[in-house]
Ligand SMILES: [Zn+2]
């Protein structure tokens, strides 16, 4: 279990197991001799990643940031993305953290790509129902608009089964650009990966807490620790120059504030703090969880 505190926020990393994406696509214009030193590819050039989600407890609220891949994929999907349908999945990780699915009061979605919202819903007989029966699901309005009308380049990233049943169940909260579903957990639009993706800032500063009370969940703005250098941007990103601007902005804030950084797709040590390796060049130094 990977638990840590940020002041008044009790956080636990929960993941949906490994998956793989093409290393070239993950590192964009970075040449393979450079990126393969950071992430060793398999025989199909895929690098191993995970889908780390974050449970944040504060008082009676339990918020889950993103819901990973889920269990609705078919055999072709499992093959393409190196997903094992028998893997240890997110609901089990949540149970191991000591919670039931019904304990989750808020689900906050960084964006609606299939690897970020797959456990929003699950099968119940012939129907798809919300996986978290007592949660309100928070999603950004323009991202939903785009998800419902994608372009040929990103169509494969969206699966309506991950959100339409939530509307049928009446459990969606739409927000515009920014939202703070529970005190200290704030989604803020940080475009680049796509037009409307959000990062999530964590601020647990309270009466009796010290300076180590802030953190950031980067979603796909900085998917792994290897993506910290400014030009190391995914080939998947729709607006790579915008990604670089927002990366520098948020990495700069995190470095200056000593924030804990959480990397959603980092398979190996997803918690880190930023240190200046040399002037103008940041590096993510892993931080062990409890
Ligand atoms: Zn992703």
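The figures follow:
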{"read-out": "In the range 114-127, residue nearest to the chain's Cα centre (by Cα) [restricted to those that are surrounded by fewer than 24 Cβ atoms within 10 Å (Cβ to Cβ) and more than 10 Å from the ligand (Cβ to nearest atom)]", "value": "122"}
{"read-out": "Residues satisfying the stated conditions in the range 243-268, i.e. over 18 Å from residue 202 (Cβ atoms) and more than 16 Å from the ligand (Cβ to nearest atom)", "value": "244, 245, 248, 268"}
{"read-out": "Qualifying residue in the range 36-52 (condition: within 16 Å of residue 269 (Cβ to Cβ), crowded, with 21+ Cβ neighbours inside 10 Å, in contact with a strand residue (DSSP E or B) (Cβ under 9 Å, 6 or more places away or on another chain) and without any contact (Cβ under 8 Å) to a residue 40 or more places away in the chain)", "value": "yes"}
{"read-out": "Exclusive hit being within 15 Å of the ligand (Cβ to nearest atom), at pLDDT 95 or above and surrounded by fewer than 20 Cβ atoms within 10 Å (Cβ to Cβ), set 31, 18", "value": "18"}
{"read-out": "Residues (part of a helix (DSSP H, G or I) and away from the ligand (no atom under 16 Å from the Cβ)) located in the range 221-242", "value": "241, 242"}
{"read-out": "From the options 106, 111, residue that is within 16 Å of the ligand (Cβ to nearest atom) and either modelled with pLDDT of 95 or more or farther than 19 Å from residue 89 by Cβ (or both)", "value": "111"}
{"read-out": "Single residue of 212, 237 found to be in contact with a helix residue (DSSP H, G or I) (Cβ under 6 Å, 6 or more places away or on another chain), surrounded by fewer than 22 Cβ atoms within 10 Å (Cβ to Cβ) and either closer than 18 Å to residue 29 by Cα or in contact (Cβ under 8 Å) with a residue 60 or more places away in the chain (or both)", "value": "237"}
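The values are calculated or read from the model by the stated rules, or taken from the named source; none is laboratory data. Since this is a predicted model, take the numbers as computed values, not measurements. Cβ atoms come from the backbone with ideal geometry, glycine included; neighbour counts cover every protein chain shown.
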